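Contents: one structure, followed by commentary.
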Amino acid sequence: MKGNKATVAAVAIAALMTATVAQAEPVKVGMITTLSGGGAGLGIDARDGFMLAVKQAGNSDLEVVIEDDQQKPDIAVQLADKMIQSEKVDILTGIIWSNLAMAVVPSAIAQDKFYLSVNAAPSQLAGKGCNKNYFSVSYQNDNLHEAAGGYASSQGYSKTFVMAPNYPAGTDSIAGFKRFYYGDISGEVYTKLGQTDYAAEIAQIRASGADSVFFFLPGGMGIAFMKQYAQSGVDIPLIGPAFSLDQGILGAIGDAALGIKNTSNWSKDIDNATNKAFVETFQAEYGRLPSIYASYGFDTANLLLSAMEKADVKDQDAFREALRAADFNSVRGKFIFGANHHPIQDIYVREVVKEGDVLTNKIVGMAIADHVDAYASECTM
Amino acid sequence: MFSLFLEQMLNGFQSGVMLFLMASGLTLVFGVMGLINLAHGSLYMVGAFACAVVAAWTGSFWLGLVASLMAAALAGVLVEILVIRRLYRRDHLDQVLATFALILIFSEGTRWIFGSFPLFLNVPDLLAGTVILPGGAQYPIFRLAIIAAGLLVAAGLFLLIGKTRLGTRIRAGEADREMIAALGINIDRLYTVVFALGAALAGLAGAFVGTTQSVQVGMGEPVLILAFVVIVIGGIGSIKGALIGSILVGFTDTMGRFLLPLALSTVTDASSATSIGSALASMLIYILMALVLFLRPSGLFGAKA
Amino acid sequence: MIMNRETIINSVLAALLIAIPLVAQAMGEIFIITLVTKVAILALAGVGLNIALGYGGLVSFGHAAFFGIGGYAAGILASHALNYQPIATWPFEISGSTQMIVIWAVALIASALAALVIGAITLRTSGVYFIMITLAFAQMIYYFAISWPAYGGEDGLSIYVRNGFPGLNTLDPISFFAICAVLLALALWFSAVLVRSRFGLALHGARQNDQRMKSVGIAPFRIKLTAFVISAMITGLAGALYADLNRFVSPSMLSWHMSGEIMVFVILGGVGRLFGPVAGAGLYILLEHLLGGAFDYWQLPLGVLLLLVVLFARGGLIGLLAGERKHA
């Protein structure tokens, strides 16, 4: 008898579940991200964070197709065509790099697909070019640089040396820094993209009489710069956005990174239950600490899952409203979208510290609270 | 200002010697076997990874350095026997394609084994810190050590090629491979040895330069292009040419990055001067190369084509 | 007999190239059409390179320069037309255009001019020096494109609507494929005619022996330069089409990887074979498509395969299927 009762209950639950399944259309997501080559670490983290949330939710209505863009814009465009034309996805996500995002996003949203950004959020898509179907879960590209400017001002620095690679993201970064920095610029240098030796720049920094250095050098460029800076004996404090001091590359910089201040909207010690669980489960699942990219991926998937609870993806208006509500538990604590679908959020200052043998970041203060990006006012949708 | 200028001159020289470390193996292989090896950058990467892994494991950079030499030489021997040996009599096209394929194999293979995140490799304690140069500038000891290593390698290569039996054979091989075969020298073994030597030099460069850079997949590619620029400017196969070409490129690049934005700021506003100046600076070494080849189509010290 | 076999293989390749998109259209597999269009465009770039490399023996490692110049011709003209901003106002007003025919003409002229300058300098050298100096010029243009902010720098330039062609809806994948296929056919026909012409024979002669050509009163430098320019123009045209395929241009079209890939298409298919670039581009794209989604480290087996082809299938794919070429 007992057994029978359980069976009946199971059947009833199964029937209920099929009923919900029948109600909601399955959602197909196309993830285009960088999984090969030198920049693969970022894409792999974003993917792993995303898939961790998908796995935890166990929602069988969500199907994810993942492809490798090789960090090449033309490949990304063709994959987007494939996702839209052949896989017939409802939502695209996953792109790490701004130049790839600019190649893919405008035409994807023109074809009535949703795009949820796990990282890249160029200014062109935040201001006049904003779109109702485009959501950035991460930030607006300038945010962390602006926060670094704010932090430099609050520390009373008045002679900052600024440095970035000579390409659009680099010049945007310097412009973002200057937007919230009120001191003087004691030197401004644009380096070659992919440069590996910074002896000449370090000599200029030393000679400039600066009281602080703001640098934006993503990936291997930042690793090379920080190692050489530490070897050079120059001890002017460094400030940068989180990208150059993120979990995935800290190990490669080593003790040279200790004490460097960096600005971020996420850190593994943000104190909330979701974040704590995320850091633990990510580490258990993949055997390493999560990076900011993993956190963005995780939040993006949870945002998507929260919208799927509320609305059917085929009903675009309802689904968009559900996304806009952002009714999910973010690893950043509160999560609100601004009018241009970019987050309004707190940006922290972190410091690189050592926990046992592992280098990681610790929050040491708030750079800018409830920060709204600089382009939001230009957006009309 | 003047002491900064002097320091930048030293930086230019140092970056030139660093380039020579990378280019020396390439020009050796190029000169002796007439082989375009695009995978030279991969051997450089192998050296850096081997050094990083062994240094992390044993705690000793010096053991890592030995490991990098061995790993790169071993990879070189394997590649030579399995692939390169079949390419000597082919035209440059086949060599380009085959070694392009080797880049894919090395890069993705390394990523498969070591993961997608950069590795840690630091300057050994013995060479950490800085010294005060005459004139007051503070200079990292490690950069001086790179200069010393580069000059040692240059001297070693000159001696090896000029004074030893292996050198005589190498020179004979450059001149005429049929002749040395007729002399009863095992040309296959000679070529394997030379290729392994070139690979070991690449690995050494990877270990040394890796301490100041990011040890990651793909780290060899920008280096590869620069090394090609260097040996083409210097004249293919000439060790002297590679040394002088390296220093010329190092100077041009460093001083260009430093001086062009300054020079332009006298004629235009500061922010466009820095951005145009750095754009020009990034093109400068290629302009130099085009100029040298325009004036001397076989490079500075190359044999007449 | 051997020539016949190559002709048969060429016909099969041509038939496949046309049949696959038609079948895909019938089955509603739009993406396959896009993929075959990509093959056609990259093959066109390869046909261009094949003239310099296969017939002229000029191993250019810098053809991405012309591919990118063609791409930027399309991107710049279209962006000016869409923003209603003239490109130049002096000495007379030049406005942008979204007409493919205008864009092609500009792409052809721009790559011809670039090739004339680059060729005049690089053709003084030979062998490995030539390979490297062509690479140097492409790198120069690459770094210029990255750091020059006017047309997007490294972010590249989007063309929001594919450029137009009279009487066709170019946004319809099969129409755009048709355009690319016709241009590829024209280029193939042109290069077949070119090889058999007096010019082609002179080029073949200049490749074999400079001195002998001089002694019969033909200037090998001018012959080579002409071949280089023609080669660059075809690759530039392919670049303009590639920009329209992706509705996007960026400096990555100018990178040395692109030069390497175009070269790979030519060698993989068979150097100096008329349909070599078609076979090479087709195989490469097929592999990329099949392996790309299957496996994180997919470039590893791709590398092994490329290596096997170059080591054991001399003469590329066409050589493997059709046998060694009979020299005329």
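What to note about this one:
- Calculated FRET efficiency, B:Asp188 to B:Leu166, Cβ-Cβ distance, R0 = 22 Å: about 0.90 to the nearest 0.05.
- For the range B:201-283, average projected area of the Cα convex hull in nm²: 6.6
- Distance between modelled label sites at A:Lys334 and C:Val193, nm, 7 Å Cα→Cβ extension: 7.2
- Additional length obtainable on full extension of the chain from A:Ala110 to A:Lys354, 0.36 nm per residue less Cα span: 83.2 nm
- Residue order for A:Asp346, A:Asp142, fewest other beta carbons within 10 angstrom first, comes to A:Asp346, A:Asp142.
- Among the helices of chain C, those built from whole DSSP H runs whose Cα atoms reach 27 Å or more along their own axis and whose mean Kyte-Doolittle hydropathy is at least -0.5 are C:2-27, C:30-50, C:64-83, C:100-122, C:127-147, C:173-196, C:220-246.
- Cα point-scatterer Debye curve for the range B:2-295, base-10 log of I(q)/I(0) at q = 0.11, 0.12 Å⁻¹: -0.69, -0.81
- Calculated SAXS-style log₁₀ I(q)/I(0) at q = 0.07, 0.08, 0.10 Å⁻¹ - the protein assembly as shown, Debye, Cα scatterers: -0.61, -0.81, -1.28
- For the range C:120-164, a Kirkwood radius taken over Cα pairs fed into Stokes-Einstein (4 °C, viscosity 1.567 mPa s) yields D = 102 µm²/s.
- Gap separating the Cα centres of the range C:203-251 and the range C:104-171, nearest whole Å: 14
- Gaussian network model of chain A, Cα within-10 Å springs - most flexible of A:Ala301, A:Ala273, A:Ala339: A:Ala273
- Put a plus charge on the Cβ of each Lys and Arg, a minus charge on the Cβ of each Asp and Glu, and nothing anywhere else: the dipole of the protein assembly as shown about its Cα centre is then about 3380 debye.
- Ranked B:His40, A:His371, A:His342, criterion: other C-beta atoms within 10 Å, fewest first: A:His371, A:His342, B:His40
- For the range C:2-322, the Cα-based Rg and Dmax, in that order, read 19.5, 61 Å.
- Alpha-carbon centroids, the range A:205-245 and the range A:280-343: separation in whole Å: 33
- What the phi angles of the range A:240-252 give under the Karplus curve with 6.51, -1.76 and 1.60, with θ = phi - 60°, is a coupling list of x, x, 4, 3, 7, 10, 8, 4, x, 10, 4, x, 6 Hz, glycine and proline written as x.
- Over chain B, DSSP H runs of length four or greater, each weighted -39,500 (n - 2.57), average out per residue to a 222 nm ellipticity of -25500 deg cm²/dmol.
- On the beta carbon distance between A:Lys88 and C:Ala120, with R0 = 35 Å, the FRET formula returns roughly 0.10.
- On Cα atoms only, tilt of B:239-264 relative to the major axis of chain B in degrees: 20
- For chain A, the spherically averaged projection of the C-alpha convex hull amounts to 20.2 nm².
- Most mobile of A:Pro168, A:Pro26, A:Pro241 in a GNM of chain A (Cα contacts under 10 Å): A:Pro168
- Among A:Ser98, A:Ser138, A:Ser295: highest mean-square fluctuation, GNM of chain A, C-alpha pairs under 10 Å: A:Ser98
- Order of C:Ser255, A:Ser267, C:Ser95 under a 10 Å beta carbon neighbour criterion, fewest first: C:Ser95, C:Ser255, A:Ser267
- Kirkwood-type hydrodynamic radius, the range A:274-381: 15.9 Å, calculated from all non-identical alpha-carbon pairs.
- Calculated P(r) of the range B:236-305 - Cα pairs past 21 Å, %: 37
- Charged side chains reduced to their Cβ positions (Lys and Arg at +1, Asp and Glu at -1) give the range C:2-322 a dipole of some 1240 debye around its Cα centre.
- Length gained when the stretch B:Trp112-B:Arg89 is fully extended (0.36 nm per residue, less Cα-Cα span): 5.0 nm
- C-alpha long axis of helix B:141-163 to longest principal axis of chain B, angle in °: 30
- Centroid-to-centroid, using Cα positions, the range B:265-284 and the range B:110-169 are 32 Å apart.
- Qualifying lysines (Cα of each under 17 Å from Cα of A:Lys362; at least 8 residues distant if same chain): A:Lys261, A:Lys268, A:Lys276, A:Lys354
- Projecting the Cα atoms of B:Val54, B:Pro140, B:Ala67 onto the charge dipole of chain B, computed from C-beta unit charges around the Cα centre, puts B:Ala67 farthest toward the positive end.
- Label-to-label distance for A:Glu378 and C:Ile109 is 3.3 nm, based on points extended 7 Å past Cα in the beta-carbon direction.
- Using only alpha-carbon positions in the range C:158-267, the gyration tensor eigenvalues give semi-axes of 35, 17, 11 Å once each is multiplied by 5 and square-rooted (largest first).
- Modelled spin-label separation between C:Ile101 and A:Ser158, with each label point placed 7 Å from Cα along the Cα-to-Cβ direction: 6.7 nm.
- Only helices enter the 222 nm calculation for chain A: every DSSP H run of n ≥ 4 contributes -39,500 (n - 2.57), and dividing by all residues gives -13500 deg cm²/dmol, rounded to 500.
- For chain C: relative contact order, % (alpha-carbon pairs under 8 angstrom, 6 or more apart): 33
- Span-like helix criteria (full DSSP H runs; alpha carbon extent of at least 15 Å along the helix axis; mean Kyte-Doolittle hydropathy of at least -0.5) are satisfied in chain A by A:2-23, A:40-57, A:98-110, A:143-154, A:168-179, A:220-232, A:273-286, A:292-310.
- Maximal additional length on extending the A:Tyr286-A:Leu258 stretch stands at 7.6 nm, based on 0.36 nm per residue less the C-alpha distance.
- A cut-off of 5 Å between modelled amide H atoms, ignoring neighbours fewer than 5 places along the same chain, links A:Ile66 with A:Met31.
Each value in this text was obtained by applying a stated rule to the coordinates, not by laboratory testing. Since we're looking at a predicted model, the values are computed, not measured. In this analysis, Cβ positions are derived from the backbone assuming ideal geometry, glycine residues included, and neighbour counts consider all displayed protein chains.
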